[in-house]
Amino acid sequence: MALFSAQFRDPRSTEYDFISLIIVRCPGCEKAARVVPAPEDSDPGGRILFRPRRLVCRGCGLSRVWSGRRVGLSAGTGQPATDPYFGMPLWLQVETRHGWLWAYNLEHLDLIRRFVQASLQERAPWYDTGQKMTLVARLPAWIKRATNRDEILRAVSRIQASLVAA
């Protein structure tokens, strides 16, 4: 299908590196909305996961604020993914025959695309960093299999097209 790049080296990203912008389906108008850190965050030194967030939709003007202490990170690919703060469905997701492929934002989706596209996928050695499980290491086995490469890349293209159509 596509030309494959030769090499991918794990940048040691985690899920937390992508939660500063999450694209979700607006509960008001069903268009793409954004979950971003609240600008009035008075504690910029706090843990990034628990900083106040704001859901903003340019389509209908909806704005909600989250300042709770419970976060629900998506676990697995067996069902549609939701954002950790408001529980809204992610915009960047599509169902495949293996499960749901999803990403919080375009940067996250691009990391998945680059990993799948590469013919040589080098992961970070577990002893080279304090964190043992990077985002790439936590990808489901069906995404990592070379036999699924074309299908995953088509799914990534469909996800990108859904954002452009919005």
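The values are calculated or read from the model by the stated rules, or taken from the named source; none is laboratory data. None of these values were measured; they are calculated from a predicted model. Note that we place each Cβ from the backbone using ideal geometry, even for glycine, and neighbour counts take in every protein chain shown. These accessible areas exclude ligands, DNA and RNA; they are computed on the full protein's heavy atoms, side chains included. Shrake-Rupley method; radii C 1.70, N 1.55, O 1.52, S 1.80 Å.
Site pair Arg97 and Asp17 shows an inter-label distance of 3.2 nm when each label is modelled 7 Å from Cα along Cα→Cβ.
With respect to the chain, whose longest principal axis is taken over its alpha-carbon atoms, helix 106-117 is tilted by about 10°. Each residue of the range 85-96 was assigned a 3J(HN,Hα) from its phi angle through the Karplus curve 6.51 cos²θ - 1.76 cosθ + 1.60 (θ = phi - 60°); the sequence is 9, 9, x, 7, x, 5, 6, 8, 7, 8, 8, 10 Hz, with glycine and proline shown as x. The share of Cα pairs per 5 Å bin across the range 74-117, counted from zero up to the longest distance, runs 5, 23, 28, 29, 11, 3, 0 percent. For the chain, the convex hull spanned by the alpha carbon atoms encloses 123 Å³ per residue. Just the protein heavy atoms count here, and of the accessible area of the chain at 1.4 Å, carbon and sulfur take up 50 percent.
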